[in-house]
Amino acid sequence: MTSPTLDCSDIDQYLGKPIQPARMVEPIANSDIRRWVQGMRYPNRLHYDAGYAAQSRWGGLVAPQSFAVTMDCAHGSAPACVGSIPNSHLLFGGDEWWFYGPRMKGGDRIWNERVPFDYTVKDTKFAGPTCFQRGDNFYYNHDGDLIAKQRSTTIRYNQAAGKDNAPTDGFDDPVWTDDELETLESRKMEWIQMLHDLGHDRRWWDDVTVGAALPQRVIGPHSIVSFTTEWRAYMFTQWGGTHRRTDLDMEALGFVKEMAGHENDPVMEAINPEFTDGAYIGPSRGHLFPRWARFIGMPRGYGYGASMGAWITDYFAGWAGEWGMVRHSACNYRGPALTGDITVTTGTILDKFVDAEGRHMVQVDCRLMNQLGVTLATAKGEVELPKKPA
């Protein structure tokens, strides 16, 4: 069979030029923060329990660092999806994050300035010629403070080639026995107990040992219900919640007709918003409908790359505690979380050092795997921790 071609030349004209920014219609509400951590299955009381949060260093509810990505109408992919690639589809390939200090909280207004960065074309087993495209997102609060920078990587490929290579032996969800599910709940509680044990206390940089393992975190089993809950936690999926882009045309970007639709289309949102929110029609519906998952090369319903990135940030931040902060992480997404599977996150302390700004830093890594040991994502991060007083 002749390998499909992938014409990416149209991207060149957009590189380095800002595109329309993403802006929410109203300020963040505490209910938005609660919905986010519930959707991401991140049971850190700082982000949903008002009484507990009032006793914290923040004096009230704050958003987790992972919340920044929901301030974009395409969970960070917009500047990494410009330029027409005919007959294509898109998956998330990874994210790199830099965090600068300000925390997000109810009442804040956040916006995202977006600039396409670069792209490269490589040959892959999945779809032949494949475009790895990157774009930068700059998240600011209403005071003009830079909260975070996200460099998002998308994977753009020929839809037909992806469909032809969809696995034929993974259409059915694995079956978990009641005993296995009970064991999973016990495994989940080990990481949750770590959050409770640390509470409002500090995790001291001095006490960290290079080579030590971080507590294991288990999420799942995933399902169409859990993926839908994740999707609805993204603020831009709410009808009327975002100032929609007027320069977005999925078919013009090269998405095949069956997956283009009217996602984030402001004109259609006023006519029939079900066509625009990504759950039912358009490029995101492959996550929630096995038929459309297989159409673009996935065996069954699959999770969101941005959620996987949030799991990684939450994993680092939960371990660091409220006195620590994730400063940087680089995440590489290798495969999707599929319905019926679980995601197991493990981590290791790689190094500890004092950086050029005098901050006490710990370098950590993590790996996300399913129950079969298949790697879904890898990441390395730098986390700032407090130093014991002399």
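The values are calculated or read from the model by the stated rules, or taken from the named source; none is laboratory data. All values derive from a computational prediction rather than experimental measurement. Counting neighbours? That spans all protein chains shown, and the Cβs are built from the backbone with ideal geometry, glycine included. Each accessible area value is taken on the protein alone, full model and side chains, heavy atoms only, with ligands, DNA and RNA left out. Shrake-Rupley method; radii C 1.70, N 1.55, O 1.52, S 1.80 Å.
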- Note the angle between two axes, namely the Cα long axis of helix 178-198 and the longest principal axis of the Cα atoms of the chain, as a number of degrees from 0 to 90, rounded to the nearest 10. 50 degrees
- Query: If you add up the charges near L385, with Lys and Arg at +1 and Asp and Glu at -1, over every other residue whose beta carbon is less than 13 angstrom from its beta carbon, what do you get?
  - Reply: -1
- Query: Under the definition of Cα pairs under 8 Å and six or more residues apart, what whole-number percent is the relative contact order of the stretch 171-299?
  - Reply: 16 percent
- Longest principal axis of the chain (C-alpha) makes with the long axis of helix 305-320 (C-alpha) an angle, in degrees to the nearest 10, of 10 degrees
- Gain on full stretching of the segment that runs from E185 to N332 - 0.36 nm per residue minus C-alpha separation: 50.2 nm
- Query: Toward the positive end of the charge dipole of the chain, about the Cα centre and with charges on Cβ (Lys, Arg +1; Asp, Glu -1), which of I349, L181, P43 goes farthest?
  - Reply: I349
- Note on the structure: Rounded to the nearest 10 Å², the accessible area of W98 using a 1.4 Å probe with every protein chain kept is 60 Å²
- Taking N as its residue count, the alpha carbon Rg of the chain over 2.2 N^0.38 Å: 0.97
- Task: Count the net charge of all other residues whose Cβ sits under 9 Å from the Cβ of A260, scoring Lys and Arg as +1 and Asp and Glu as -1.
- Result: -3
- Note on the structure: Sorting F289, F126, F236 on solvent-accessible surface, 1.4 Å probe, most exposed first, gives F289, F126, F236
- Could you tell me which of the pairs K122/K380; K163/K257; K105/K188 are separated by over 22 angstrom between their Cα atoms in the structure shown? K122/K380; K105/K188
- Item | Contact order relative to length of the chain, as percent, for alpha carbon pairs under 8 angstrom and 6 or more apart | 20 percent
- Task: Using only protein heavy atoms and a 1.4 Å probe, report how much of E190 is accessible, in Å² to the nearest 10.
- Result: 120 Å²
- Item | Low-density loop positions, chymotrypsin sites (Phe, Trp or Tyr not before Pro), the stretch 168-211 - DSSP coil, at most 12 other Cβ in 10 Å | F171
- Task: With an 8 Å cut-off on Cα pairs and a minimum separation of 6 or more residues, tell me the relative contact order of the stretch 54-138 in percent.
- Result: 34 percent
- Note on the structure: SASA check, D7, accessible area w/ 1.4 Å probe, all protein chains in place, rounded to nearest 10 Å², comes out at 90 Å²
- List the GluC sites (Glu not before Pro) in the stretch 340-390 that DSSP assigns to loop (not H, G, I, E or B) and whose Cβ has at most 16 other Cβ atoms within 10 Å. Which are they? E357
